[in-house]
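The values are calculated or read from the model by the stated rules, or taken from the named source; none is laboratory data. Since the structure is predicted, the reported quantities are computational estimates derived from the model, not experimental observations. Virtual Cβ from ideal backbone geometry, glycine too; neighbours counted across all protein chains shown.
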Amino acid sequence: MIKFVAAGLWLCAVTIGAVYFSFQMSTASSNQEPPAPLLGGLDYVGTPVISVPVLTDKGIVGYILARLVFTGEPEKLHKLSVPAETLFADQLYTYLFANPALDFTQVKTLDLDALRNGIRDSINKRVGEDLIDDVMVQQIDFLSKDEIRDNAMTRRSGPTKVPSLGKDGGGEKPAH
């Protein structure tokens with residue numbers, strides 16, 4: 001009988017020690033410094049593909065197709081009264097359409113870092129605080145008017161015919 005009581009007391013002591021140790025470890029891990037940028041702690045908000053016309057004195061010369069990902073602190077992103085995707089897509093369209101310094105027809109003079117910083121700064125200025133930490137490019141393409149016309153003509157010419165392999169398609173009929 002004494003063995004059962006001693007085993008019960010031993011089991012209680014071990015359980016209390018394990019609970020105490022687990023609480024000590026959980027509070028120690030919560031006192032760590034926040035993770036470095038790009039290693040965690042940021043939310044990522046992507047935009048859908050946005051098509052922006054490029055206008056010159058001659059009219060429309062092509063279209064910019066862009067899809068970007070924005071990073072920001074979750075607390076600030078959740079404070080927005082409109083969905084973040086909508087705000088970012090609107091500001092991206094506005095920046096690309098209304099910025100005369102951007103010339104996507106001249107690839108050699110296009111500064112991607114300046115484009116990213118300009119988009120980030122325009123969103124932060126519109127919101128009134130540093131909402132966006134970084135802008136990452138998922139896709140940026142420029143399609144000239146001629147390229148679009150060529151693609152449309154190719155599609156209109158109809159599907160290409162695939163040669164058949166005989167009267168019945170060249171294969172045996174599957175057994176059911």
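Selection of the range 45-82 for residues being surrounded by fewer than 11 Cβ atoms within 10 Å (Cβ to Cβ) and without any contact (Cβ under 8 Å) to a residue 40 or more places away in the chain yields Asp57, Lys58, Gly59, Pro74, Glu75, His78, Ser81, Val82. Each residue in the range 83-94 was checked for being of a type in the set (Ser, Thr, Tyr) and either buried (at least 16 other Cβ atoms within 10 Å of the Cβ) or over 17 Å from Val135 (Cβ atoms) (or both), and 1 pass. For first residues located in the range 123-147 and under 17 Å from His78 (Cα atoms), partners that are surrounded by 15 or more Cβ atoms within 10 Å (Cβ to Cβ) and of a type in the set (Phe, Trp, Tyr) and lie 6+ apart or on another chain with Cβ distances below 7 Å form the pairs Ile123/Phe88; Ile132/Phe70. Could you list, in sequence order, all residues of the range 51-104 that are more than 21 Å from Lys125 (Cα to Cα) and of a type in the set (Val, Ile, Thr)? Listed by number, the residues that qualify are Val52, Val54, Thr56, Ile60, Val61, Ile64. For the structure I just gave you, tell me whether Ser164 is more than 21 Å from Pro83 (Cβ to Cβ), of a type in the set (S, T, N, Q) and modelled with pLDDT of 75 or more. Taking the combined requirement at face value, the residue does not satisfy it.
Among what's in the range 95-140 and is more than 27 Å from Val61 (Cα to Cα) and among the aliphatic types (A, V, I, L, M), pick the residue that is surrounded by the fewest Cβ atoms within 10 Å (Cβ to Cβ). Restricting to residues being more than 27 Å from Val61 (Cα to Cα) and among the aliphatic types (A, V, I, L, M), the top hit is Val127.
Residues in the range 70-83 that are modelled with pLDDT under 90, in contact with a Gly (Cβ under 9 Å, 6 or more places away or on another chain) and not in a loop (DSSP other than H, G, I, E, B): Pro74 alone.
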